[in-house]
Amino acid sequence: MKKLVVFAIFCSAFSTLKAQETGTFGVSAGINVANMSIKSQGVSVSLTSLVGFKGYVFYDLPLGGSFSLENELGYDGMGAKLNDPSTGTTYTESLNYLTLAILPKYNIPETGLSLYLGPSLGYLLSAKSSGGGQSASDTDNYNSIDLFGEIGASYFLPMGFGLTARYMAGITNIIKDTQGEETGHNSAFSITLAYKFNAGK
């Protein structure tokens, strides 16, 4: 059922894009500084950040005035690290998502600066746990869908090159089959370089 919902949302978004003739296409790539907040039986687990890749293609659709709607299809490397002081071992949990973001934007006139706030939907492609010289797939321990709230800003030069920064906060519990005893949420701060192919047209 969840896969059907994701498929329907993707089809709806790209049908909308196909129907539009004005707007700006582009690509963006950079890094996620990701983390996870884990609670088990009311106790929080202390984790450290993990750097992952972030990349996406986007279509920025003008809505009138200073507003537009940025639609993104991308890849997000998420996860976290756990340091075990008793053994000196660092364990890494890496999660990889296919993400779809729909972000209403306010474009500040004559500045190249934009501010945005909106949702994104992530579909888990894979998860891997590693540490102590060993690694194993961990995909079955996580829910396949994660819903994020995103807030950020971008700055573009007239020739189309730009820089973006945003924060992604996971809303849904990513831990599977916990019966309410354990919760986990993704988060990430990202910085990317971007390019608009038809800037200024």
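The values are calculated or read from the model by the stated rules, or taken from the named source; none is laboratory data. Just so we're clear, the structure is a prediction, and the values are computed from it rather than from any experiment. Here the Cβ positions follow ideal geometry from the backbone for every residue, glycine too, while neighbour counts run over all protein chains shown. The protein model used for the area step is the full one, side chains on, heavy atoms only, and it has no ligands, DNA or RNA in it. Shrake-Rupley method; radii C 1.70, N 1.55, O 1.52, S 1.80 Å.
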Conditions (1) assigned to a strand (DSSP E or B); (2) over 18 Å from ASP76 (Cβ atoms); number of the one not met by TYR97: (2)
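Considering region 153-165 alone, what residues qualify as being touching a residue at least 40 places away in the same chain (Cβ under 8 Å), at negative phi and open to solvent by less than 80 Å² (accessible area, probe 1.4 Å)? First the steps, then the outcome.
Kept after step one, since they are touching a residue at least 40 places away in the same chain (Cβ under 8 Å), are these residues of region 153-165: 153-160, 162, 164.
From what's left, at negative phi: 153-159, 162, 164.
ALA153, SER154, PHE156, LEU157, GLY162, THR164 - these are the residues of region 153-165 that are touching a residue at least 40 places away in the same chain (Cβ under 8 Å), at negative phi and open to solvent by less than 80 Å² (accessible area, probe 1.4 Å).
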In region 114-136, the residues that are in contact (Cβ under 8 Å) with a residue 24 or more places away in the chain, among the hydrophobic types (A, V, I, L, M, F, W, C) and open to solvent by less than 60 Å² (accessible area, probe 1.4 Å): LEU121, LEU124, ALA127
Every residue from region 34-48 that is in contact (Cβ under 8 Å) with a residue 12 or more places away in the chain and either open to solvent by less than 60 Å² (accessible area, probe 1.4 Å) or assigned to a strand (DSSP E or B) (or both): ALA34, ASN35, MET36, SER37, ILE38, LYS39, SER40, VAL45, LEU47, THR48
Residues of region 61-101 satisfying the condition of being among the aliphatic types (A, V, I, L, M) and touching a Leu at 6+ places or on another chain (Cβ under 7 Å): LEU61, LEU63, LEU69, LEU73, MET78, ALA80, LEU82, LEU95, LEU98, LEU100
In region 85-95, residue nearest to PHE67 (Cα to Cα) [restricted to those that are touching a strand residue (DSSP E or B) at 6+ places or on another chain (Cβ under 8 Å) and surrounded by fewer than 20 Cβ atoms within 10 Å (Cβ to Cβ)]: SER94
Residues of region 49-70 satisfying the condition of being touching a Pro at 6+ places or on another chain (Cβ under 9 Å) and in a strand (DSSP E or B): LEU63, PHE67, SER68, LEU69, GLU70
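Is there a residue being in contact with a His (Cβ under 8 Å, 6 or more places away or on another chain) and not polar (S, T, N, Q) anywhere in region 25-36? So that I can check it myself, show each step before the final result.
Applying the first criterion (in contact with a His (Cβ under 8 Å, 6 or more places away or on another chain)) to region 25-36 yields 36.
From what's left, not polar (S, T, N, Q): 36.
Yes, that holds for at least one residue.
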